[in-house]
Amino acid sequence: KQEVTQIPAALSVPEGENLVLNCSFTDSAIYNLQWFRQDPGKGLTSLLLIQSSQREQTSGRLNASLDKSSGRSTLYIAASQPGDSATYLCAGSYNNNDMRFGAGTRLTVKP
Amino acid sequence: ETGVTQTPRHLVMGMTNKKSLKCEQHLGHNAMYWYKQSAKKPLELMFVYNFKEQTENNSVPSRFSPECPNSSHLFLHLHTLQPEDSALYLCASTGQQGGDYGYTFGSGTRLTVV
């Protein structure tokens, strides 16, 4: 069964801190892994997409890594800002045309 | 806007009503999806369409009926819903099966069944 787990479920940090969000998946036959951001009551905004052949992707202060052998992905946020407060979701895409989501990490960055 | 547009943004309906959710994308994507997001639960895949053909129905009750008239439009027809069906319904699209280019989501329809 293709399951995706995210820890921690919630995280609160002071502004300026670097932080890491974790994602693990049970099925290593992952096609790609995508990190999303979701603000309360809104849709999902794609942050980074890592193909199965890649190890990491970077966009601004965000860096996502993928280790298929260990079934893990991390999202690193540098110099966090209050505007980064949101729920972060990771999702693994499989060849059966399905994308499995984790339950998300709710991040609060305090000014 | 992400390129995937969902209407309405909010919907309140009674259990005997019939309503429809609409999703539209002009990204040239050929696959479209309906997801349900309930409070404190991971997103649940409901339906998948590839080139207008339904390729997956994830054990969704028949009170939810999808329709995909063309590759750019996707509907979710609702009838005789239950209060537990209240949730955020999200539409997504992707350019290729398996999501080589990732998934693009709409802003969702917040559905409340009273």
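Throughout, read-outs are computed from the coordinates displayed, never taken from laboratory work. What you are looking at is a predicted structure, and each value in this text was computed from that prediction instead of being measured. We place every Cβ from the backbone using ideal geometry, glycine too, and count neighbours over all the protein chains shown.
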- Message: With Kirkwood's inverse mean 1/r over C-alpha pairs for Rh, give me the Rg to Rh ratio of region A:2-91, two decimals please.
- Response: 0.95
- Task: Can you grab the distance from the C-alpha centre of region A:1-22 to the C-alpha centre of region A:45-75, Å, no decimals?
- Result: 14
- Query: Once Lys and Arg get +1 and Asp and Glu get -1 on their Cβ, which of B:L111, A:G92, B:P69 lies farthest toward the positive end of the dipole of the protein assembly as shown?
  - Reply: B:L111
- Message: Please compute the volume of the convex hull spanned by the alpha-carbon atoms of chain B and report it per residue in Å³.
- Response: 95
- Item | Unit Cα scatterers, Debye sum, the protein assembly as shown: log10 I(q)/I(0) for q = 0.07, 0.11, 0.16 Å⁻¹ | -0.22, -0.54, -1.10
- Peptide B:40-50 - average C-beta neighbours from other chains (10 Å radius): 4
- Most exposed to least, judged by fewest other Cβ atoms within 10 Å, B:M32, B:M15 sort to B:M15, B:M32
- Query: chain A: longest stretch without exposed trypsin sites (Lys or Arg not before Pro) (DSSP loop, at most 14 other Cβ within 10 Å), sites themselves excluded?
  - Reply: A:2-54
